[in-house]
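For reference, the structure is listed below as structure tokens.
The values are calculated or read from the model by the stated rules, or taken from the named source; none is laboratory data. Quick caveat: nothing in here was measured; it's all calculated off a predicted structure. Quick reminder, even Gly has a Cβ in these numbers, built from the backbone with ideal geometry, and neighbours come from all protein chains shown.
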Amino acid sequence: MKKILLVFGTRPEAIKMAPLVKEFKLHPEYFEVSVCVTAQHREMLDQVLDLFEIYPDYDLNIMKPNQSLHDISSNILYGVKEVLDRFSPDLVLVHGDTTTSTFAALAAFYNKIKVGHIEAGLRTKNIYSPFPEEVNRRITGVLAHYHFAPTSLSKSNLEEENHKNILISGNTVIDSLFFILKKIKNNKIFRLKIIDYFLSEKFKFLDERRIILVTGHRRENHGKGLINICNALEEIAILNPSIDIVYPVHMNPNVESVVKRLLFKVPNIFLIKPLRYEQFVYLMHKSYFIITDSGGIQEEAPSMGKPVLVMRDATERPEALKAGTVKLVGTSTKKIVNEANALINDVVLYKSMSSAYNPYGDGKASEKIVDFFIKSEVKSK
């Protein structure tokens, strides 16, 4: 029996690791599974754990106000070391490009424990965009023994860097997305609870009004970039009074203070609190298109036929660009406004972006990853 430790700490990681935790736990004859959370994002992480009914075996609870990357990194490194000493896993699984994934992988490496990297091989080839994620995922790739690439392009990136043991699995976020969409469709009480939340935030879904969903929080967009984004959203709202812009505002003070100061008076812009994952999935489902600087949304939205304008100059997910579901618009006020208005007014353009296929998988990534390790276990016996 293989002892496996899954480590994650942010909301996006939790969303993408949750289906993997549940899939591993379906096979107790092969695996002893433990979950360690760093709580790099505390409140937002806990919401996802509650939604997927995951109960961590170890909780490092590292989140403190005004932490630097140095503080977060060192706390994760020392905290995960203690967990490794107690649980003694055969394998540590980490996800993506967070500080949690990199320093959990480093802690495992120091203990000579093999690392599996979920969502491996994403690259922008620019170490400062996104920052610090691009370097995080490259370091994790060097430390990992197993690489689970979401697409063939991710696999090619890894092969260029001479990595071995690569499996194209698809992206586990699609597993989570399908799980929640199915629950929204089949569970009326669950669905009505979501709608009631939006009513409490003074937002009502009206069939005659299209919705633009906005998210924006990336570190590299703080300052002038975020001001440009807010100016663009105000202009889009004024030019399109029959459209509602809904912006769940990140709790980071560098984001929240700027967004609320610049946009709170615009009548058809709704600044709401950060959403639970199921609420966010519902809002994506109801939206006309999405403007974001998020990485994960570029993967999820195409599965629902939602075009995405990405407020970044580069993306580590070029598959979506190639498929035509995503367009890079940077943080230029003029470009964001022009591209948004094009989607609003050009039906042909909208249809071409909304009908493109999703290159990130079929919702069975977790099953493929676990099956890989089951076959490894059977082969070793």
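If residue 209 meets every condition in (1) within 25 Å of the chain's Cα centre (by Cα); (2) surrounded by fewer than 14 Cβ atoms within 10 Å (Cβ to Cβ); (3) not hydrophobic (A, V, I, L, M, F, W, C) apart from one, which number is that one?
(1)
Specify the residue that is surrounded by the most Cβ atoms within 10 Å (Cβ to Cβ); the eligible residues are those in the stretch 27-44 that are without any contact (Cβ under 8 Å) to a residue 40 or more places away in the chain and assigned to a strand (DSSP E or B).
37
Quick one: count up the residues across the stretch 237-252 that are of a type in the set (Val, Ile, Thr), within 26 Å of the chain's Cα centre (by Cα) and either closer than 12 Å to residue 340 by Cα or at pLDDT 95 or above (or both).
Residues that pass the stated criteria total 2.
How many residues are of a type in the set (Gly, Ala, Ser), closer than 10 Å to residue 316 by Cα and either buried (at least 20 other Cβ atoms within 10 Å of the Cβ) or touching a Lys or Arg at 6+ places or on another chain (Cβ under 6 Å) (or both) if we restrict to the stretch 123-148?
The total comes to 0.
Restricting the search to the stretch 9-60, which residues are within 21 Å of residue 108 (Cβ to Cβ) and touching a His at 6+ places or on another chain (Cβ under 6 Å)?
10, 13, 16, 17
Pull up the stretch 5-25, narrow it to residues that are touching a residue at least 24 places away in the same chain (Cβ under 8 Å) and assigned to a loop (DSSP other than H, G, I, E, B), then point me to the one that is nearest to residue 73 (Cα to Cα).
Out of the qualifying residues, it is 9.
Find the helices (runs of 4 or more DSSP H) located wholly in the stretch 325-381 whose residues include 2 or more that are among the small types (Gly, Ala, Ser) and buried (at least 18 other Cβ atoms within 10 Å of the Cβ), and list them.
Helices (runs of 4 or more DSSP H) meeting the threshold: 365-380.
Pick from the stretch 84-122 the residues that are among the acidic types (Asp, Glu) and surrounded by fewer than 24 Cβ atoms within 10 Å (Cβ to Cβ): which of them is farthest from residue 316 (Cα to Cα)?
Going through the qualifying residues, I end up with 85.
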